[in-house]
1. Residue pairs, Cβ under 6 Å, 6 or more apart or interchain, first in the range 184-202 and among the hydrophobic types (A, V, I, L, M, F, W, C), second open to solvent by 40 Å² or more (accessible area, probe 1.4 Å). List them.
2. For the subset of the range 230-260 comprising residues that are among the hydroxyl-bearing types (S, T, Y) and surrounded by 12 or more Cβ atoms within 10 Å (Cβ to Cβ), which member is nearest to S202 (Cα to Cα)?
3. Output the qualifying pairs, or none if there are none: Cβ atoms under 8 angstrom, residues six or more apart or on different chains, first residue in the range 260-278 and touching a residue at least 40 places away in the same chain (Cβ under 8 Å) and in a helix (DSSP H, G or I), second residue among the aliphatic types (A, V, I, L, M) and exposed (fewer than 11 other Cβ atoms within 10 Å of the Cβ).
4. Yes or no: the range 79-101 includes at least one residue that is within 22 Å of the chain's Cα centre (by Cα), aromatic (F, W, Y) and more than 21 Å from M184 (Cα to Cα).
5. For A204, indicate whether it is surrounded by 14 or more Cβ atoms within 10 Å (Cβ to Cβ) and part of a helix (DSSP H, G or I).
6. Within the range 91-100, can you find the residues that are open to solvent by 60 Å² or more (accessible area, probe 1.4 Å) and either in a helix (DSSP H, G or I) or of a type in the set (A, V, I, L, M) (or both)?
7. Can you find, within the range 118-134, the residue that is nearest to the chain's Cα centre (by Cα) among those that are surrounded by fewer than 19 Cβ atoms within 10 Å (Cβ to Cβ) and part of a loop (DSSP other than H, G, I, E, B)?
Amino acid sequence: MGGARSGRGDEMAAAAALGPGPLRVGFVGAGRMAEAIAQGFIRAGKVEAQHILASAPSDRNLCHFQALGCQTTHSNQEVLQSCLLVFFATKPHVLPAVLAEVASVVTTEHILVSVAAGVSLSTLEELLPPTTRVLRVSPNLPCLVQEGSVVMARGRHAGSSEAKLLQTLLEACGQCEEVPEAHMDIHTGLSGSGVAFVCTFSEALAEGAIKMGMPSGLAHRIVAQTLLGTAKMLQQKEQHPAQLRTDVCTPGGTTIYGLHALEQGGLRAATMSAVEAATCRARELSRK
């Protein structure tokens, strides 16, 4: 995973804003992304499972939190009353009603984090009591294996200590960077949707090998390892992708012939257009 890690001292200093005792973290909404974040916290030793409380209307998703050793409830207000750091991981269209339900128990000590795509910081702040400390987070699915790409943006009343605490915690799920809120929708198009784009390219690479006579299982395993190894080289060497591509591409060799075929197929333009289309759709959904 890329980026420098925050020290344990920084984490403890930031957590001090939430008072003495062990850090308690709440989740309102218990879907797959909430589970991924909670799992990252627990596996990295940042939060003990018994100090995580999740709420949902039914037991359908809460069983996954129970399997991790977390506490669960059907009461959203109970989460706010028990935890000062709370992640709201509901569907975007449900979030306003959920915030209205819990607003009466929100205090100035709370740090509230929205994982809901497309709900702006200004909207969140309008739905909550004045001066509430609010931040937005945009994760992607590889958080499930602690290799996610996460960006975060802070509201008007959230300071550097809250941002540091959240960033340090979320680094348990992969790479986490603070960005301007305007970059959140681009991250959705690039990294949220990008998982599907990479999977499509992965499938196509394997099918090329299958066409040439390689067994399917072997082809898919080799592609996955190729993607993993390439990503690690890009992270660890901090090279521009063009440099690594040049290192692989020898004059008159196999790679330049393959790259020529990709250019003929319009891979580069199609990929740029895919990120643009996904970002524009994210912005469109944000305006609704």
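The values are calculated or read from the model by the stated rules, or taken from the named source; none is laboratory data. Fair warning: this is a prediction, and the values are worked out from it, not measured in the lab. Positions of Cβ are generated from backbone atoms using ideal geometry, with glycine treated the same way; all protein chains shown enter the neighbour counts. Quick note on the areas: whole protein, heavy atoms, side chains included, nothing else; ligands and nucleic acids left out. Shrake-Rupley method; radii C 1.70, N 1.55, O 1.52, S 1.80 Å.
1. Sorted first by the residue in the range 184-202, then by its partner, the pairs are V195/L141.
2. So the first thing to find is which residues in the range 230-260 are among the hydroxyl-bearing types (S, T, Y), and the list is 230, 246, 250, 254-255, 257.
From what's left, surrounded by 12 or more Cβ atoms within 10 Å (Cβ to Cβ): 230, 246, 255.
Working: T230: 13, T246: 21, T255: 17 Å.
Within the range 230-260, the match that is nearest to S202 (Cα to Cα) is T230.
3. none
4. Looking for residues that are within 22 Å of the chain's Cα centre (by Cα), aromatic (F, W, Y) and more than 21 Å from M184 (Cα to Cα), one finds none in the range 79-101, hence no.
5. Numbers: surrounded by 14 or more Cβ atoms within 10 Å (Cβ to Cβ): no; part of a helix (DSSP H, G or I): yes.
Taking the combined requirement at face value, the residue does not satisfy it.
6. Initial filter on the range 91-100 (open to solvent by 60 Å² or more (accessible area, probe 1.4 Å)): 91, 93, 97, 100.
Scanning the range 91-100 gives A97, A100.
7. S120
Per-residue answers, yes or no, for (1) modelled with pLDDT under 95; (2) out of contact with any strand residue (DSSP E or B) (no Cβ under 6 Å at 6 or more places or on another chain); (3) in a helix (DSSP H, G or I):
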| site | (1), (2), (3) |
| --- | --- |
| G2 | yes, no, no |
| R5 | yes, yes, no |
| M12 | yes, yes, yes |
| A16 | yes, yes, yes |
| G21 | yes, yes, no |
| F27 | no, no, no |
| M33 | yes, yes, yes |
